[in-house]
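A short worksheet on the structure shown next.
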Amino acid sequence: MHESWKPILKSEFEQPYFKELGNFLHEAYMHKNIYPPKPQVFSAFNTDKNDIKVVIIGQDPYHWPHQANGLAFSVNPGVQIPPSLVNIFKEIHDDIGAPIPDNGDLTRWAKQGVLLLNNTLTVEEYKPGSHRGKGWETFTAHIIRLLNENCPHLVFILWGADARRKKTMVDQSKHFIIESAHPSPLSAYNGFFGSKPFSRCNAKLKEWGMNEIKW
């Protein structure tokens with residue numbers, strides 16, 4: 001976790017709900033296969049809070065072995081690109097003409113100020129949604145409210161129902177929301193493809209005088 005997050009989140013880690021979540025995770029990691037690996041759970045917060053320009057909110061981490069690495073939608077180099085990320089790359093290509101990458105590591109986005117935040121930060125192997133309702137949603141809502149209040153301008157990209165429910169936490173008088181269906185193969189044709197989130201995001205950043213993201 002980047003130093004800029006530590007004083008802000010310290011009090012949250014001491015809240016009763018988070019202590020209960022911590023106890024649940026301690027037992028889960030001891031007895032089950034949980035993703036991402038414990039040292040990577042907070043990898044999204046390696047990005048300096050003061051550099052964040054874009055917030056992409058996912059749902060759960062990938063629940064298959066060797067995929068989740070703590071950044072929403074991202075996988076490490078050498079790991080087969082999951083279907084949702086394949087669709088994201090297709091939309092990038094169709095939207096702005098960028099070549100489709102040969103790996104799914106989105107660290108390059110994080111380094112440019114993109115916060116890749118899942119709604120729930122852990123999941124049990126082969127059981128999508130298994131860690132919902134354990135406290136993560138309260139934690140991620142706190143993060144979104146914190147960014148909403150303390151950052152002058154952000155682009156929020158909300159994909160899927162879980163992410164879109166966070167819309168009410170964002171002050172649209174100073175921030176910009178892009179929302180659509182989830183890029184999953186189950187829903188991508190219901191509004192994700194053709195939504196042009198990447199060009200729309202960069203146009204807004206340019207309007208605000210910020211550097212565009214090299215998607």
Where residues in segment 53-87 are more than 25 Å from Ile178 (Cα to Cα) and hydrophobic (A, V, I, L, M, F, W, C), which of them is most open to solvent (accessible area, probe 1.4 Å)? Trp64
Taking into account only those residues within segment 103-138 that are surrounded by fewer than 15 Cβ atoms within 10 Å (Cβ to Cβ), at positive phi and touching a residue at least 12 places away in the same chain (Cβ under 8 Å), which is nearest to the chain's Cα centre (by Cα)? Gly129
From Ser180, Ser195, Ser184, Ser173, residue being among the polar types (S, T, N, Q), more than 18 Å from Ile143 (Cβ to Cβ) and surrounded by 22 or more Cβ atoms within 10 Å (Cβ to Cβ): Ser180
Residue under evaluation Ala28, criteria (1) open to solvent by 30 Å² or more (accessible area, probe 1.4 Å); (2) small (Gly, Ala, Ser); (3) in contact with a strand residue (DSSP E or B) (Cβ under 9 Å, 6 or more places away or on another chain), criterion not met: (1)
Checked against (1) at pLDDT 95 or above; (2) of a type in the set (A, V, I, L, M); (3) open to solvent by 20 Å² or more (accessible area, probe 1.4 Å); (4) within 17 Å of the chain's Cα centre (by Cα), Val41 satisfies every condition except (3)
Take the residues in segment 139-170 that are over 16 Å from the mean Cα position of the chain (by Cα) and within 20 Å of Gln112 (Cβ to Cβ); name whichever of them is least open to solvent (accessible area, probe 1.4 Å). Cys151
Just one of the numbered conditions (1) at pLDDT below 95; (2) of a type in the set (A, V, I, L, M); (3) assigned to a strand (DSSP E or B) is not true of Ala163; which one? (3)
Of everything in segment 88-102, what is farther than 16 Å from Leu117 by Cα and either open to solvent by less than 80 Å² (accessible area, probe 1.4 Å) or free of Cβ contacts under 8 Å to residues at least 60 places away in the same chain (or both)? Give them in sequence order. Phe89, Glu91, Ile92, His93, Asp95, Ile96, Gly97, Ala98, Pro99, Ile100, Pro101, Asp102
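Right, Asp60: at pLDDT below 95 and under 23 Å from Asn190 (Cα atoms) or not?
In short, yes.
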In segment 201-214, residue most open to solvent (accessible area, probe 1.4 Å) [restricted to those that are in contact with an Asp or Glu (Cβ under 9 Å, 6 or more places away or on another chain) and without any contact (Cβ under 8 Å) to a residue 24 or more places away in the chain]: Lys206
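The values are calculated or read from the model by the stated rules, or taken from the named source; none is laboratory data. Because the structure is predicted, anything quoted here is derived from the model rather than measured. Methodologically, a virtual Cβ is constructed for each residue, glycine included, from the backbone with ideal geometry; neighbour enumeration extends over all protein chains shown. Remember, those area values only see protein heavy atoms, side chains included, never the ligands or the DNA or RNA. Shrake-Rupley method; radii C 1.70, N 1.55, O 1.52, S 1.80 Å.
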